[in-house]
Amino acid sequence: KSGSRNQYQLNTLTNWLLKQEQAGIIDGELTIVLSSIAVACKQIAALVQRAGISNLTGVQGAVNVQGEDQKKLDVVSNEVFSNCLRSSGRTGIIASEEEDTPVAVEESYSGNYIVVFDPLDGSSNIDAAVSTGSIFGIYHPSEECLADFDSDSDSLTPSEQNCVMNVCQPGKNLLSSGYCMYSSSVIFVLTVGTGVYGFTLDPMVGEFVLTHDKIKIPDKGKIYAFNEGNYALWDPNLQSYINSLKDPGPAGKPYSARYIGSLVGDFHRTMLYGGIYGYPRDKKSKNGKLRLLYECAPMSFLVEQAGGKGSDGSGRILDIKPEQVHQRVPLYIGSREEVEKLEKYLSSM
Ligand code: AHM
Ligand code: MG
């Protein structure tokens, strides 16, 4: 009768994490950090869904350190994320898109892990109820980065300097990264370095349930996602690349354009259907728009774990060591063959 027992067995994120711990892939502390992130994401999903009803749409009135208007939900999501991580008691330093500098968790709660996150990416979409998401990455404290750091380099207090040094690690040091997408369903996708797994929130039970086992990105895919409104500001080599996708000649079929303007949504589609997502540098923004630490590096770890590539146009995103917490970098990410083709175009001339 084991068949009837299995019928009611939910393969939840909690069970999956415990299995990873039992197998020695992650330790008990990381299990707790990841569980607390999942709780934060459930809370943010509930806030996003009710934003129009509970007067949480619109701007807060403040501008973040990067000069962007903070939406009410940006601020609330940042609080939710930070609180969940603090109360886990397993996090030492947290760095967020919405905070000027990384902060140390107060001693009574402090643990070992370093967590970087963008609590609500794509929030410009919120007022129209279009998809958004949260992105995170988890590191160990870094001795190598501590040795590298020039302590005279700025005017931060010693404790702030220590936080910045620990946070500014190359993506190849990531232990885990993931995102949660708030869309027609809420999907939590993560890696702990052994492939990529996706869990869908079952709203009736309130748990993330395994729905995407070992995600593999197709090696190629005929979808491109770029904000083509910036075309005139791009490098001519990039313009020729995009032209080649749209006009492959009489024998070829043009690529399809899809662009949500929400990295998590555009990336999730790219992981499942294949293709390429790009946010290039241009004449006005010499490093593009997206942030290395809590947008590009976590997504690049995921894409590599799924068999794809994440590049800044000439090299691997995961090899870049951030010099600043909010540093920007061009990003080209997706199917292996599509990213390689783009790199060839960018290197010609
Ligand atoms: P945000 O972190 O301020 O929300 O900005 C990041 C977002 C990404 O989700 C998205 O891919 C990109 O900005 C869209 O930018 P643009 O509107 O310039 O196309
Ligand atoms: Mg963002």
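Every test in (1) within 16 Å of ligand 1 (Cβ to nearest atom); (2) in a loop (DSSP other than H, G, I, E, B); (3) in contact (Cβ under 8 Å) with a residue 40 or more places away in the chain is passed by residue 277 save one, and that test is (2).
A count restricted to region 291-308 and to residues that are surrounded by fewer than 24 Cβ atoms within 10 Å (Cβ to Cβ) and outside any helix (DSSP H, G or I) stands at 2. Just name the residue that is surrounded by the most Cβ atoms within 10 Å (Cβ to Cβ) out of those in region 328-349 that are part of a loop (DSSP other than H, G, I, E, B) and at pLDDT 95 or above. Going through the qualifying residues, I end up with 335.
For region 196-211, the set of residues classified as free of Cβ contacts under 8 Å to residues at least 24 places away in the same chain and among the β-branched types (Val, Ile, Thr) consists of 200 only.
For region 335-343, check the following and say yes or no: at least one residue is within 15 Å of ligand 2 (Cβ to nearest atom) and either over 22 Å from residue 164 (Cβ atoms) or out of contact with any Cys (no Cβ under 7 Å at 6 or more places or on another chain) (or both). Within region 335-343, not a single residue is within 15 Å of ligand 2 (Cβ to nearest atom) and either over 22 Å from residue 164 (Cβ atoms) or out of contact with any Cys (no Cβ under 7 Å at 6 or more places or on another chain) (or both).
Let's see how each residue does on (1) surrounded by fewer than 15 Cβ atoms within 10 Å (Cβ to Cβ); (2) over 20 Å from the mean Cα position of the chain (by Cα); (3) within 23 Å of residue 187 (Cα to Cα); (4) acidic (Asp, Glu):
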| position | (1), (2), (3), (4) |
| --- | --- |
| 30 | no, no, yes, no |
| 64 | no, no, no, no |
| 107 | yes, yes, no, yes |
| 122 | no, no, yes, no |
| 126 | no, no, yes, no |
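Of all the numbered requirements in (1) surrounded by 16 or more Cβ atoms within 10 Å (Cβ to Cβ); (2) part of a helix (DSSP H, G or I); (3) at pLDDT below 95, residue 41 misses one, and that requirement is (3). When only residues in region 237-277 that are surrounded by fewer than 21 Cβ atoms within 10 Å (Cβ to Cβ) and within 16 Å of ligand 2 (Cβ to nearest atom) count, which is nearest to residue 347 (Cα to Cα)? Among them, the one singled out is 259. Evaluate the following for residue 34: is it at pLDDT 95 or above, buried (at least 17 other Cβ atoms within 10 Å of the Cβ) and in contact with a Ser or Thr (Cβ under 6 Å, 6 or more places away or on another chain)? No, not satisfied.
Quick check on residue 94: is it within 16 Å of ligand 2 (Cβ to nearest atom) and without any contact (Cβ under 8 Å) to a residue 24 or more places away in the chain?
yes
Please tell me if residue 97 is out of contact with any strand residue (DSSP E or B) (no Cβ under 8 Å at 6 or more places or on another chain) and either of a type outside the set (S, T, N, Q) or within 13 Å of ligand 1 (Cβ to nearest atom) (or both). Here the answer is no, as residue 97 does not meet what is asked.
Scanning region 226-253 for residues that are in a helix (DSSP H, G or I) and closer than 13 Å to residue 282 by Cβ turns up 228, 229, 230, 231, 232, 233, 236, 237, 238, 239, 242.
In region 110-139, the qualifying residues are those that are assigned to a loop (DSSP other than H, G, I, E, B) and either in contact with a His (Cβ under 9 Å, 6 or more places away or on another chain) or among the charged types (D, E, K, R) (or both), and the one that is nearest to ligand 2 (Cβ to nearest atom) is 131.
The values are calculated or read from the model by the stated rules, or taken from the named source; none is laboratory data. Treat the numbers as computed from the prediction; the structure is a model and nothing was measured. Glycine gets a Cβ as well: all are built from the backbone with ideal geometry, and neighbour counts include every protein chain shown.
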